[in-house]
Structure formats: C-alpha cells, structure tokens
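Below: one structure, written as structure tokens.
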Amino acid sequence: MVDVKIKEKLQNFIGGNWSDGKKYRDVVNPATKEVITQVPLSTQAEVDQAVEVAKRAQKEWALEPAPQRAEILYEVGRLMKEKKDHLARLLTLENGKVLEEARGEVQEGIDMAFYMAGEGRRLFGQTTNAELKNKFAMSVRAPVGVVGIITPWNFPIAIATWKSFPAIIAGNAGVWKPATETPLMAHEMAHIFTEAGLPDGVMNVVFGAGAEVGDAMIQHPNIQVISFTGSTETGKHVASECGKQLKKVSLELGGKNAVIVMDDADIDLSVEGILWSAFGTSGQRCTACSRVIVHEAVKEALEEKLVTAMQDLTIGNGLDDGIKVGPIINEAGMEKITKYIDIGKEEGAKLVKGGHVLSEGSFETGYYFAPTLFTDVNGDMRIAQEEIFGPVVSLIPVASFEEAIEVNNSVTYGLSSSIFTKDVNRVFQAQRDLDTGIVYVNAGTTGAEIHLPFGGTKGTGNGHRDSGVQALDVFTEWKAVYVDYSGKLQRAQIDTEN
Ligand code: NAD
C-alpha cells in the first residue's frame, strides 16, 4: 500500500486555477489494477482557455529578466528535491517502475531544473562583425510564444521537465498535456509551479486524450511550437498536421536500441549492462536494449550468463523492496508484447527464456510479463526491427565488428546504441559509425545525463533534441539584429567599398 493521499478526481490547471472536468477516466495502478484516481477528459474548450491565458501571461513573462525567471526555476528544483520521495512513490504508483528507478527519474527533473535555471544567466547569443563601418551585428534568442507540450506515460516527469524548463527559462508560456495513464506527476508539478512562484498562466496543464486535447493543441493557431514525445506512429501524425500549418515541431519518438558485445568484451560487465537496459522499466524505455548483437566467439558464454542472471530478476510491485522488474503499463501493452512473442516464434527465433504473461499468485492482480530472451535471431526479423516496448531481448550473432555496426544501423530507428569492447580503436570507430543520437561505450543503452543532447536520428525524431543546451533551440527563435550608427544609409553588399 502507498502512504500518500491522492485526490479522487484530478483537475486541470489553467491560469493558476484548478477546474473540474466534465468527463473523467480511471487511472489504474498497473501493479494491482486498482483505480488510484480519475483524470479529466478535457476538450477543445479547455485548450482554448489555456492557450488564451498562456498568451496573456507570456507577454509579461518574456519581459522578466532571464536571471529572475531563473530564480523561480531554482525554487522549482529545490521543491522537487524536498518532495523527491513523495514524487517517486506517486510515480511508481501510476507508472509501475520500481521505486529506485522512479527516484532516478525525479532526480533527472531536479537536475534539469538547476541546469536550466543556470541558463538564465547565459542564454548566449553571438556578437559578430558587420561588413560595413560603424555598424554592429548580433544574434539573440527570442522566445517563440506559447508552446504545446505533449508527453508519454513512460517517463511522466523527466520528459516534461526536459521540455517545460527550457521553455520557461527562454520566456515562453505553455500548455502541457500529459498521458492519461500517468497524470499524477503533472498534477504535482502544477502545485510545485504555484508554490515556487511561477506567475499564473505561464504553465498550464490540460488533461485528456491525445486525439482530442493533443489534436486541439496541434491545430491551435496561437500555439507556435509543439514539443512531442511518444510513438513514431503518433509522431508522424503530429508532424504532418503541424506541417500543414508550418508549425514548428520537435519529435522524440521510438527506438530499437542495441548493445554490441565484441569478442574481447568483459562478459560479466556486458551482462550487467544488458540486464539494466533491457529489463529496467520493464523494457518500456525509449532507450531500452531490445537487441544484443554478439560476436559469435562469445555468443555461447554470453547467452549462458545472461540466462543465469535473468533467473535473479525479481518481478513484482515496484513499491516493494528488492523488486527489479515492475509491471507493464496496461492491457494494450501486454497484448502488443504477446503478439511479438508469437511473431518471433513464427519467424524461427529460438525462445530460451520467458515469453509469457505472468498471471498466477501475486501476479494475478497486475500486468506482469516474464523477462524474455530470444536467441539465434536474424537482424532482418520483425522482432529485431520493430519496437516491442516490453522486457524482450533478441540475441543476434555476428562474425565481425563491421557486421555488428551494419546490423545495428539496419533499423529504421536511431536513438541509442552501445558497445562493449576493450579495443580503443574499435571504440573510436564505433562512436563514429553507429548512426544513433546516443552512443555508450562499456555501458548499456540507457543512462543519459541532462546537460547533453537527448534524441535520435532516422525514425526516432526530426532532428531536434530534448535536454542539453540544444533544447533551447526548440523553444527559441534566432533573431539577427543589425545596429547602424554611421548616420547614413549603408547598403549591405553594395556600399562595402566606400
Ligand atoms: P503515444 O504516441 O501513444 O502517446 C504519447 C502522447 O501523445 C500521449 O500524451 C498521448 O495522449 C498523445 N497523443 C496520442 N494521440 C495523439 C494525437 N492524435 N495527437 C496528439 N497527441 C496524441 O506514446 P506512448 O505510448 O505514451 O509512449 C511510448 C512511446 O514513446 C514509445 O514509442 C517510446 O519509444 C516513445 N518515447 C520516446 C522517447 C524519446 O525521447 N525518443 C522518450 C520516451 C518515450
């Protein structure tokens, strides 16, 4: 049981006010299938209202000096730190990930608050030389206006901070639509924004379904940028709708991430890295390792140690001590994973561990799936190409380093990759040749730090990055400013010889 009090019905947070919904949907703890609260299913009307207050609030907020905006973000970070344990428990309750991981996710948000608050005294532009005498040239970052933030259920607080904090520090206001599966983090963050002194209307939370609230945000003429994280399928829809309006859109989408284990790798360390990145968050991370590309010389040794280590993965409610793997988010997630197990078998992959729903005894009341290992997988198989989003790993044997790189790069996604090797030449070749946005050496596919850019290539996105200083590019426009103090008209490219 959890020792925190949760409101029976959540409310939208618009212009600093809390408002009831007209319709609601149950929010379910995936570890127990118990209803923990209800989330409003809002409509276009609430989106219009939120955009209107955001538009008004943004004008004042943008005039506030950035170091003053930063003071509020520092306070947001301090409050998150103070409430870290409370937030983490709620996060486990709504999402299922084990408490230790939930604490890590909240910490990521705290780090982001302090990092972006620091940007309040930077937000660097450039000064440069003008080509004419007595003329000054510079480029500055300008806020875009009202931003639309759409977030998934698998990292309900970290991803929201990667988007809302750079948006806030840069002088924007926003409307945030969290996933309906995990609304508690947004509800808590809205309280924290108020407590930290963020002016009313600068960040608003509108709960509701993607097709209704998300679409209303995408179509809204007064939202200038959509920052979206979610599946590639939804991302394509978001991108095409934004494209029709020439609306700026930042997409962070799916992944099919691989760990490469070379013939000189530390096998025990590789196994640890694979376990953490494949089965943490029950494989429901965008950076989850779902392929292990292994040199044939060490394939048997790795497989044996991996299977043995998988025996020790304790599965259960993430709030309980000693649990390593929590539940799957919901029934739809379970069905998708089950479908891919059937596909893997039909394709001829060898199922060596797991591959089934856990429903007996204490598992009866939750959504649990056995950690699964397929071996003798061919890189072209669907289980090696498509995002499964569950605790399922495919072992793909290869004969050389070059083949490993080729197999890694053969998928349509490009988020994260990793290589285990002791050969420094291979390390540098791999970081050059792996075509993902993130590369790890002698670590699993997960573990991003917030001051580096986060995002992927190919089908994982559209070239933008969350977190890092690069996140500011999503929420600012570059403005070029020329100041001519010659007292006469000087024409660029023409009067340069005077
Ligand atoms: P999803 O695409 O189903 O939903 C994401 C968000 O979009 C939710 O808030 C949802 O309500 C909303 N949405 C749904 N339909 C919409 C529509 N028509 N218009 C506007 N918004 C809509 O994804 P999910 O199942 O919540 O999340 C899992 C996916 O997210 C996985 O594919 C995972 O790889 C990806 N992900 C990517 C990253 C990354 O940074 N690359 C990080 C986390 C998750």
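Each value in this text was obtained by applying a stated rule to the coordinates, not by laboratory testing. These figures come from a predicted structure and were not determined experimentally. Neighbour counts run over all protein chains shown; Cβ positions are idealised from the backbone, glycine included.
Summary table
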{"item": "Near-label residues of region 238-274 by backbone N, under 17 Å of a point 7 Å along Cα→Cβ of Asn442", "result": "260-274"}
{"item": "Sorted largest first, extent of region 49-197 alpha carbons per principal axis (Å)", "result": "64, 33, 25"}
{"item": "Inter-label distance, nm, simple model (7 Å from Cα along the C-beta direction), Ser410/Glu8", "result": "5.7"}
{"item": "Equivalent-ellipsoid semi-axes of region 206-321, from the Cα gyration tensor, Å, largest first", "result": "41, 18, 9"}
{"item": "Listed residue pairs exceeding 21 Å between alpha carbons, taken from Lys135/Lys479; Lys55/Lys84; Lys55/Lys83", "result": "Lys55/Lys84; Lys55/Lys83"}
{"item": "Mean ellipticity per residue at 222 nm, deg cm²/dmol - from DSSP H runs of n ≥ 4 across the chain, formula -39500 (n - 2.57)", "result": "-11500 deg cm²/dmol"}
{"item": "Sorted peptide list for 124-131, 465-472, criterion being average Cβ within 10 angstrom, highest first", "result": "465-472, 124-131"}
{"item": "Cross-link partners of Lys81 among lysines (Cα-Cα below 25 Å; sequence separation of 8 or more within a chain)", "result": "Lys5, Lys7, Lys97, Lys163, Lys177, Lys324"}
{"item": "Value of relative contact order over region 326-472, rounded to a whole percent, pairs C-alpha under 8 Å and six or more apart", "result": "16"}
{"item": "Percent of beta bridges antiparallel (DSSP, the chain, rounded to nearest 5)", "result": "45"}
{"item": "Theoretical gain in end-to-end length, Asp48 to Asn222 [0.36 nm per residue, Cα-Cα removed]", "result": "61.7 nm"}
{"item": "Cα extents of region 1-63 along the three principal axes, largest first (Å)", "result": "47, 25, 17"}
{"item": "Degrees, to the nearest 10: 99-119 long Cα axis against longest axis of the chain", "result": "20"}
{"item": "Nearest-ten-degree value, helix 184-196 long axis tilted from longest Cα axis of the chain", "result": "30"}
{"item": "Chain lengthening between Thr496 and Gln431 when straightened (0.36 nm per residue, less Cα-Cα)", "result": "18.9 nm"}
{"item": "Pairwise FRET efficiency - Glu477 versus Val357, Cβ, R0 = 56 Å, nearest 0.05", "result": "0.70"}
{"item": "Förster-model FRET efficiency, 30 Å R0, Arg122 and Gln245, C-beta, rounded to 0.05", "result": "0.40"}
{"item": "All-pairs Cα distance distribution in the chain, expressed in whole percent, bin size 20 Å", "result": "23, 52, 22, 3, 0"}
{"item": "Tilt relative to the chain, helix 44-63 - C-alpha long axis, 0 to 90 degrees, to 10", "result": "60"}
{"item": "Peptides ranked, highest mean first, by Cβ atoms within 10 Å: ranges 270-283, 200-213", "result": "270-283, 200-213"}
{"item": "Zone residues, region 455-498, relative to Ala137, backbone N less than 20 Å from point 7 Å out along Cα-to-Cβ", "result": "477-498"}
